[in-house]
Amino acid sequence: MKSLAVFASGNGTNFEALANAAQAADSHYQIAVLVCDQVQAPVIQKAAARHIPTLVVNFKDYANKAAAETYILSQLPPVDALILAGYMRIIGPTLLNAFPKRIINLHPALLPSFPGRQGIKDAFDYGVKVTGVTVHYVDAGIDTGEIIAQDPVRVSPGMTLAQLEAAIHHQEHQTFPATVKQLIEEGAI
């Protein structure tokens, strides 16, 4: 059984998808801790409802990112990987060096197209006919790590941005848990 730390900053729907998958009979992982950088994020209540310990780290309380990440490392239980599920901070060298090729991110577009915070909106504004979701390893760049898995989402004629966002989130909730499970089964985590 692998032990994971999930990092999230917001609503926590991808955290929920991972937590639900962890409860399946064929799951090979547990979520040992949620790490959140937003004191009021709804994901905190979702973790509490599942009795998953939460580490809330307000980066403003630290001199710099390295200090905050050093604190995170000091508070983490033993985990096999860090899973970024809507975590809106760039991971720094402190965590990257502690978990080489064991930090996994979910991005709401087909990388290398539309990296960054606004992947869905950027794809929509560009007028693509197909976008999707990408699971990738985290490196020192922004959404530049090795791609692990991708699944497409077709943009239907007349689709609104809100409809595309909903379709992307639905696909994320399928792709992310399946990819984490696959990585564990293959021994990559």
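Listed by first and then second residue, the pairs linking a residue in segment 30-57 that is touching a residue at least 60 places away in the same chain (Cβ under 8 Å) to a residue that is in a loop (DSSP other than H, G, I, E, B) and of a type in the set (Asp, Glu), with Cβ atoms under 7 Å apart and 6 or more places separating them unless they lie on different chains, form an empty list.
Okay, residues lined up against (1) small (Gly, Ala, Ser); (2) within 17 Å of the chain's Cα centre (by Cα); (3) closer than 14 Å to residue 85 by Cβ:
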{"position": "139", "(1), (2), (3)": "no, yes, no"}
{"position": "143", "(1), (2), (3)": "no, yes, no"}
{"position": "165", "(1), (2), (3)": "no, yes, no"}
{"position": "173", "(1), (2), (3)": "no, yes, yes"}
{"position": "181", "(1), (2), (3)": "no, yes, no"}
{"position": "185", "(1), (2), (3)": "no, no, no"}
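Scanning segment 1-48 for residues that are of a type in the set (Gly, Ala, Ser) and under 18 Å from residue 77 (Cα atoms) gives 3, 5, 8, 19, 22, 32, 47, 48. Residues of segment 175-187 that are of a type outside the set (Lys, Arg) and surrounded by 14 or more Cβ atoms within 10 Å (Cβ to Cβ): 175, 176, 177, 178, 179, 180, 182, 183, 184. Suppose the filter is in contact with a Ser or Thr (Cβ under 8 Å, 6 or more places away or on another chain), in contact (Cβ under 8 Å) with a residue 24 or more places away in the chain and buried (at least 22 other Cβ atoms within 10 Å of the Cβ); does residue 85 pass it? For residue 85, the condition - in contact with a Ser or Thr (Cβ under 8 Å, 6 or more places away or on another chain), in contact (Cβ under 8 Å) with a residue 24 or more places away in the chain and buried (at least 22 other Cβ atoms within 10 Å of the Cβ) - is not met.
From the residues in segment 1-56 that are within 18 Å of residue 179 (Cα to Cα) and exposed (fewer than 14 other Cβ atoms within 10 Å of the Cβ), which one is modelled with the lowest pLDDT? My answer is 25. Residues in segment 95-116 that are basic (Lys, Arg) and surrounded by fewer than 16 Cβ atoms within 10 Å (Cβ to Cβ): 101 alone. Restricting segment 97-118 to residues that are small (Gly, Ala, Ser) and modelled with pLDDT of 95 or more, the residue that is nearest to residue 7 (Cα to Cα) is 98.
The values are calculated or read from the model by the stated rules, or taken from the named source; none is laboratory data. None of the values given here were measured: they were computed from a predicted structure. Glycine also receives a Cβ, built like all others from the backbone with ideal geometry; neighbour counts cover every protein chain displayed.
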